[in-house]
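As structure tokens, the structure follows; a few thoughts come after it.
The values are calculated or read from the model by the stated rules, or taken from the named source; none is laboratory data. No experiment lies behind these values; they were computed from the predicted model shown. Virtual Cβ from ideal backbone geometry, glycine too; neighbours counted across all protein chains shown.
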Amino acid sequence: MVAISNAAGSQGRATGVAPGGPLLISATAGTITGTTQLTVTSALLVSIEVTPPNPQLAAGTTQQFTATGLFTDNNTQNLTTQVTWQSSNATIATISNAAGSQGLATSVGVGTTPITATAPSTPTLRGISGTTSITIVGLSDLVPVPGPQGFCTIVNINETSFLQITVRNQGSVNAPASMTRVEFFPGGPVPLLPTDAIPAGSSVNLLLPFSSIPGVCFNPDCDFRITVDFNTQINESNEGNNTGDGSCLG
């Protein structure tokens, strides 16, 4: 239960090995002996480390946290299911204390909030807390944007007519480069249109030469569908608003 040293420099140092007691500790000098009692308790919690430290994730996603306790005997223990989890700002992220999902954070808004794990106030765990933070970033959201004549916006450049397609990023973060598809009915799709990266809140105009539109489409009018981020390369906040239907009069 306990070891006590007689080695030079550490005489009288007791080291708890296992809980138990009270134990009788004696010190003898010649014919004189003194005694006391020593009780060894369970190892005490010293600190809690919350991992992963300071993660960043996209809105609408989740993050599992783990609470690891360090004890006075230098052993560690997974305390994820024993601690109480708390988010300082539930409008940015919530975190679960429900059985089976303790420590699972769910993003709600955009921003940074501390995440705290607090152990019970027992003699060994002593209400110790550990903290990290979580940062939620927004997502891009690409949409086709109609003009005054709907999606049939015709522009003329150097005596050449183009179907102008406007793509807007109405999300809160920049969107990387992507591809836009235009499909005509009848006539089918034309080659994909490379779409440059779009900063949050900005738009780009794509130009499709009128000569690229299948002639069979005008019967007498030409219907078409625009699909932005056609290859779903971008993680968007709304994947359901990527299409727009238009018609050009023959």
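Considering only residues of the range 224-250 that are closer than 13 Å to L193 by Cα and either out of contact with any strand residue (DSSP E or B) (no Cβ under 7 Å at 6 or more places or on another chain) or not charged (D, E, K, R) (or both), which is surrounded by the most Cβ atoms within 10 Å (Cβ to Cβ)?
Here the answer is V228.
With respect to T118, is the statement that it is among the hydroxyl-bearing types (S, T, Y), in contact with a strand residue (DSSP E or B) (Cβ under 6 Å, 6 or more places away or on another chain) and not assigned by TED's automatic domain parsing to the domain that holds G60 true? Steps first, answer last, please.
Numbers: among the hydroxyl-bearing types (S, T, Y): yes; in contact with a strand residue (DSSP E or B) (Cβ under 6 Å, 6 or more places away or on another chain): yes; not assigned by TED's automatic domain parsing to the domain that holds G60: no.
Criteria not met by T118.
Per-residue answers, yes or no, for (1) in contact with a Pro (Cβ under 7 Å, 6 or more places away or on another chain); (2) modelled with pLDDT of 95 or more; (3) charged (D, E, K, R):
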{"residue": "G147", "(1), (2), (3)": "no, no, no"}
{"residue": "I154", "(1), (2), (3)": "no, no, no"}
{"residue": "E159", "(1), (2), (3)": "no, no, yes"}
{"residue": "G187", "(1), (2), (3)": "yes, no, no"}
{"residue": "L193", "(1), (2), (3)": "no, yes, no"}
{"residue": "V204", "(1), (2), (3)": "no, yes, no"}
{"residue": "I226", "(1), (2), (3)": "yes, yes, no"}
{"residue": "N235", "(1), (2), (3)": "no, no, no"}
{"residue": "E239", "(1), (2), (3)": "no, no, yes"}
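Output the residues belonging to the range 93-116 that are β-branched (V, I, T) and modelled with pLDDT of 95 or more.
We begin by selecting, within the range 93-116, every residue β-branched (V, I, T); these are 94-95, 106, 108, 110, 112-113, 115-116.
Residues satisfying the conditions are T94, I95, T106, T112, T113, I115, T116.
Can you name the residue in the range 61-85 that is surrounded by 17 or more Cβ atoms within 10 Å (Cβ to Cβ) and in a strand (DSSP E or B) and, of all such residues, is nearest to the chain's Cα centre (by Cα)?
Taking the candidates together, the pick is Q63.
If you take just the strands (runs of 3 or more DSSP E) that sit entirely in the range 11-54, which of them hold at least 2 residues that are out of contact with any Pro (no Cβ under 7 Å at 6 or more places or on another chain) and modelled with pLDDT of 85 or more?
Values: elements: 14-16, 20-29, 32-40, 45-51.
Where strands (runs of 3 or more DSSP E) fall fully within the range 11-54 and carry at least 2 residues being out of contact with any Pro (no Cβ under 7 Å at 6 or more places or on another chain) and modelled with pLDDT of 85 or more, they are 45-51.
Residues that are farther than 30 Å from A59 by Cα and of a type outside the set (S, T, N, Q): does the range 226-244 have at least one? Break it down stepwise before answering.
Taking the range 226-244 first, the residues farther than 30 Å from A59 by Cα are none.
Within the range 226-244, none of the residues are farther than 30 Å from A59 by Cα and of a type outside the set (S, T, N, Q).
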